[in-house]
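The values are calculated or read from the model by the stated rules, or taken from the named source; none is laboratory data. Predicted model only: the values in this text are computed from it and were never measured. All Cβ positions, glycine included, derive from the backbone under ideal geometry; neighbour counts span all protein chains shown.
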Amino acid sequence: MNALMRIALSIFAAACSSAASAQNYPERPIRMIVSIAAGSVTDVIMRGAVQELQPRLGQPIIIENRGGAAGILGGQACAQAAPDGYTICVIYHNTLSYNPLLFSKLPYNADTDFVPITRLFFLVEGVFVSVDSNISSVAELKKAAQADSAKLNFGTLGEGSSPDLFLRWMNNQWHSQIVGVPYKGGGPAAQALAANEIQVTRFGVGNFKGLVDAGKVKALTVNSAERSRLLPNVPTDKEAGFGDFPARGWWGLAAPKGTPPQITAKLNTEFVKLFNEPSFVAFLEKNFVVAAPTTPEGFAAFLREDRKAAEDLIKIANTKTEEYDPAHAEH
């Protein structure tokens, strides 16, 4: 047998082994990287999803929270993982849409390091203030911001994150100078708001509903087209006078580049099925998110359009590209 034939047989054997492995997938526990802190609404949702999916897949799914740095830490961990189907990644608008436009020298390539599996859901977001701020409306928030911005701190997920871009947009619209304070997730930001460490923020409503019900924080707006039936007294952004902030938060599922297509197809099937089930959709709605599963191709097309929308937002927010600094990555 000549050398060329041995090489050909070796490649064929490896391909057969890979196909068999994909067909039997999963054969061991799966790691799920979630690009936000434990306790945040996305973390709660994905833990609920894991409980449903583990018995269907026949293997444990172990969540690893990688919050901070506007999703860069989670994106980096995903991009550097083995492409064998045993690392899947819960990513969001910052990971693939905003960060490539806001930061140079990212530790991952948003266009080539990921395989899209499915979009999962859209967030219903809201603007919240601390009870101690004595602010009860957007008009009062604007007045306070323009009178003395130094008295207001705004919770974000770090520079370039969606809350940070909203803050920059708001400051640009109001000619104010409210300062952003970074947190690793909506859960920590909600607790900081309740303690008056920050006075205002914008995150997914699910992070704050319990605190609103307990009277520990105030909800000023929600970013839905109509008022939420779960918060009927809270106006929409448009009703409250914010106008049209040109962005909508989303979360999706991806895998490292090179993950076998048979595996990503199986994961797509299982996640899409779950995110279409009425009981799980009801669970999502209670957490103020809207189920929006797609095919891998549909998610890829959505990502292209979302990048274009991110470009428009960044221009409106008057935000410039900065070099990513790993030294600040834990913030």
query = What about SER228, is it surrounded by 18 or more Cβ atoms within 10 Å (Cβ to Cβ), without any contact (Cβ under 8 Å) to a residue 40 or more places away in the chain and of a type outside the set (A, V, I, L, M)?
reply = no
Filtering helices (runs of 4 or more DSSP H) wholly in segment 231-303 for at least 3 residues that are among the charged types (D, E, K, R) gives 237-240, 261-274
Per the filter on segment 99-114, residues in contact with a helix residue (DSSP H, G or I) (Cβ under 8 Å, 6 or more places away or on another chain), surrounded by fewer than 18 Cβ atoms within 10 Å (Cβ to Cβ) and farther than 26 Å from ASP84 by Cα are LEU101
Is there a residue being in a loop (DSSP other than H, G, I, E, B) and either modelled with pLDDT of 95 or more or in contact with a Phe, Trp or Tyr (Cβ under 6 Å, 6 or more places away or on another chain) (or both) anywhere in segment 42-51? no
PHE275 vs (1) crowded, with 19+ Cβ neighbours inside 10 Å; (2) closer than 26 Å to LEU165 by Cα; (3) of a type outside the set (A, V, I, L, M); (4) not assigned by TED's automatic domain parsing to the domain that holds LYS142: all pass except (2)
Looking across segment 177-209 at residues that are aliphatic (A, V, I, L, M) and either without any contact (Cβ under 8 Å) to a residue 12 or more places away in the chain or outside any helix (DSSP H, G or I) (or both), the single one that is farthest from ASN65 (Cα to Cα) is ILE178
Please determine whether any residue of segment 70-92 is among the small types (Gly, Ala, Ser) and part of a strand (DSSP E or B).
no
Checked pairs for segment 161-176, first assigned to a helix (DSSP H, G or I), second among the β-branched types (Val, Ile, Thr) and modelled with pLDDT of 90 or more, C-beta under 8 Å and 6 or more apart or across chains, list as PRO163/THR156; PRO163/THR201; ASP164/THR156; LEU167/THR156; LEU167/ILE178; MET170/ILE178; ASN171/ILE178
- Query: Would it be correct to say that ASN207 is at pLDDT below 95 and closer than 17 Å to VAL138 by Cα?
  - Reply: no
Q) Being at pLDDT below 95 and closer than 21 Å to GLY206 by Cβ, is that true of even one residue in segment 99-120? A) no
